[in-house]
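What follows is a set of notes on a single structure, which appears directly below.
Laboratory data are not the source of any read-out in this text; all were calculated from the coordinates shown. Small disclaimer: the values here were computed from a predicted structure and weren't measured. Here the Cβ is made from the backbone with ideal geometry for all residues, glycine too, and neighbour counts use every protein chain on show.
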Amino acid sequence: MLWTLRSSRTWSLPCRSTRRSFSFTPNPRLPRFADGTLPKAPLFREEVAKAKPFPSFTEAVRKPPIRNQVLFVVAGTVGALVVGAHLTNYELFKWWAYLRASPQGGYDKSRPPTSEELARIKYFTFGRHLQTGLANLKSSVDQLPETMKAVISWSYVQVFQPILNATEGKRMCWAIGAVNVAVWVAWRIPRWGPVMLRSFAHNPLSGRSYTLFTSMFSHENFFHLLFNCMALASFGAAASQQLIAQFKKVEQEHGALSEPSPKWHLLALFISAGLFSGLVSHIGHTRWQYPRLIARLRNATTTPSTSSSFSLKSSASTALTKADTAVAAAALGYPDAEITLVIPPYFPINIQTGFFALVAIDTLGVLRGWRFLDHFAHLGGALFGAFWYKYGAEIWFSIRLWDLPTAFYLHGHGLSLRQ
């Protein structure tokens with residue numbers, strides 16, 4: 001066995017000796033730690049004290065903003081008034097050109113037409129248009145039996161004769177009511193429910209602004225819709241006549257500016273009033289009711305019964321505020337008029353008495369936190385109606401006068417403002 005003859009020195013591993021001479025410097029392979037350099041274990045109380053305090057419930061919940069809503073209402077109001085004034089001036093030049101080209105007499109073509117002359121020619125033109133429609137209807141049903149033809153003609157007259165006899169202000173109120181009915185029908189379609197809830201109901205906590213406009217046409221139920229349309233048709237017609245009377249007073253002070261129709265003025269008023277009342281409701285809910293809700297939720301641990309009985313209205317409906325504005329204008333314009341309630345007891349009351357009673361009820365509802373109606377919106381509509389009764393004619397005259405050169409440039413071809 002030859003391998004046993006080999007020296008054991010050849011099989012030893014080259015191990016490095018760990019022995020070293022005495023030295024005052026530490027061995028780099030064996031680091032040493034002094035007693036004072038060891039990290040100190042943190043105390044729990046000290047770490048908690050260093051941590052940022054957790055915000056309270058009141059601090060964590062911020063107030064909803066109102067800046068975008070204010071800007072939207074201001075822009076929408078200005079836009080509605082400017083567009084309404086431009087459409088009124090457009091009709092002025094349209095019917096003025098029609099009168100100048102008409103061979104019929106009874107009009108001095110050397111001057112601009114008055115408001116009465118414009119209203120009269122519009123009435124007769126609309127009547128002839130309806131007569132032409134009746135003649136075309138009779139010719140289309142000429143093959144039917146005489147009894148059926150008579151029923152169709154009678155139905156046509158029954159539908160369109162009240163429309164012809166109504167003032168243009170009342171027709172505009174009917175058109176607004178038709179839009180309200182269409183939106184109400186859309187609410188009744190189940191598959192459209194999420195879209196209608198998101199786009200036609202204003203939630204003060206959503207941050208959306210355009211719903212201040214779309215919610216004007218939404219109604220909670222059929223009776224809400226019926227009452228609103230009835231009030232709009234009756235008081236809206238009175239408000240349109242009041243707008244005409246107020247505008248004539250301004251004409252006497254600043255010069256003649258014929259108005260062919262009050263319908264665009266009335267529509268701009270209703271849109272502006274709806275936006276303003278919606279903004280009042282939005283501010284009232286976010287700056288008045290919402291903080292009260294947060295305060296009750298903060299105390300929910302001690303008084304759970306009170307917090308559970310309070311709820312914030314998520315939708316600030318402004319559908320009735322258009323009627324409130326019309327009631328305010330009619331009450332201030334016709335202080336001696338009387339109205340009859342549509343609910344018992346059926347006795348007449350002075351319109352101003354009824355108007356101020358409604359304002360008092362809405363004020364009490366705001367102070368007491370009643371949630372049956374949107375009292376903030378109703379107060380906003382009444383306030384805007386009173387403001388427009390006082391200053392609306394001056395504002396409308398100024399906007400129309402400002403837009404007159406633009407409207408004349410676009411639509412006044414062949415006419416002269418200096419006649």
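Among 406, 214, which comes first, then next, by fewest other beta-carbon atoms within 10 Å?
Fewest-to-most Cβ neighbours within 10 Å comes out as 406, 214.
Residue separation times 0.36 nm, minus the C-alpha to C-alpha distance between residue 198 and residue 141: what's the value?
15.9 nm
How much net charge surrounds residue 167 when only other residues with a Cβ under 12 Å from its Cβ are counted (Lys, Arg +1; Asp, Glu -1)?
+3
Starting at the first residue of segment 248-263, write each ³J(HN,Hα) from the Karplus equation 6.51 cos²θ - 1.76 cosθ + 1.60 with θ = phi - 60°, in whole Hz, x for Gly and Pro.
Ordered by residue, 3J(HN,Hα) equals 5, 5, 5, 4, 5, 8, 10, x, 6, 8, 4, 10, x, 7, x, 5 Hz.
For the pair residue 361/residue 154, report the inter-label distance in nm, with labels modelled 7 Å from Cα in the Cβ direction.
It works out to 4.1 nm between the two label points.
What ranking of 264, 288 emerges when the number of other C-beta atoms within 10 Å of each C-beta is taken as an exposure proxy, fewest first? Walk me through the numbers on the way to the answer.
On the way: 264 25, 288 13.
So the residues, fewest neighbours to most, are 288, 264.
What is the extension gain from residue 391 to residue 349, computed as 0.36 nm multiplied by their sequence separation minus the C-alpha to C-alpha distance, in nm to one decimal? Intermediate values should be presented prior to the final figure.
Numbers: separation 42, 0.36 × 42 = 15.12 nm, distance 2.72 nm.
Gain on stretching residue 391 to residue 349: 12.4 nm.
With a ≥ b ≥ c taken as the square roots of the eigenvalues of the C-alpha gyration tensor of segment 100-170, please select rounded if a/c is under 1.5 and otherwise prolate if a/b is larger than b/c or oblate if it is not?
oblate
Using the per-residue mean of other Cβ atoms lying within 10 Å as a proxy for protection, in what order, highest first, do the peptides 363-370, 70-77 fall?
Peptide ranking by packing, descending: 70-77, 363-370.
For an R0 of 41 angstrom, estimate the FRET efficiency from the Cβ-Cβ distance between residue 226 and residue 116 and round to the nearest 0.05.
0.70
For the residues 179, 327, what sequence is obtained by ranking on other C-beta atoms within 10 Å, fewest first?
Starting with the residue having the fewest Cβ neighbours, the order is 179, 327.
Set the bar at 18 Å for Cα to Cα. Now go through 122/249; 170/263; 138/170; 109/263; 94/249; 122/170 and name every pair that lies beyond it.
Pairs exceeding the cut-off: 122/249; 138/170; 109/263; 94/249.
Between residue 402 and residue 175, what FRET efficiency follows from the Cβ-Cβ distance if R0 is 30 Å, with the result rounded to 0.05?
Efficiency, from the Cβ-Cβ distance: 0.65.
For the residue pair residue 130 and residue 163, what label-to-label distance in nm results when each label sits 7 Å from Cα along the Cα-to-beta-carbon direction?
Modelled inter-label distance: 0.9 nm.
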